[in-house]
Amino acid sequence: MGGLIYPWLTYPAVLGSDAAGEVVQAGSAVTRFRVGDRVLGHAVGLEKNRNAAAEGAFQAYTVLLDHMTTPIPDHISYEQAAVLPLGVSRAGQVRPRPHLMPLSGGRAPRLPAPAGRSAPRPAGRAARRPAPPRCA
């Protein structure tokens, strides 16, 4: 199956892209992190130009690239931090669609109503909630 999805991988391969944990060792060129720092990062072991088993996230120790790693704020747990790398990188890949979400101008767009429904009410007008169903 791996040959169909990732034909460039050589085995053994370690999968996984999201990582969060504590720095246990830093390379000589790394200046942003020290041993003991809490970090999250996007592991790149599956990338075509990397293909390094040490850089896959699903293992006890993972090598993360300095520019793909960031400190974890104190109020965020490792579990919470571990879901951020792939989500953030995917959000950065999404093509901007100004007609759906303007990036400037300060106004949210009015979206057309789905077929068979009325248009949403403008902000500032409260919509009446339907009465809850009654049980007999």
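We did not get these values from a lab; they are worked out from the coordinates using the rules stated. Values in this document were obtained by computation on a predicted structure and should not be read as measured data. Glycine also receives a Cβ, built like all others from the backbone with ideal geometry; neighbour counts cover every protein chain displayed.
The table below lists the values:
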{"item": "Over the stretch 2-91: Kirkwood hydrodynamic radius from C-alpha pairwise inverse distances, Å", "result": "13.5"}
{"item": "The stretch 2-91, relative contact order in percent, only Cα pairs under 8 angstrom and at least six apart counted", "result": "32"}
{"item": "For peptides 35-41, 59-65, sequence by mean Cβ density within 10 Å, most packed first", "result": "35-41, 59-65"}
{"item": "Calculated FRET efficiency for the pair ALA13/ASP66, C-beta based, R₀ 25 Å, to 0.05", "result": "0.65"}
{"item": "Segment GLN80-TYR6, extension gain: residue separation times 0.36 nm, minus the distance between their alpha carbons", "result": "23.9 nm"}
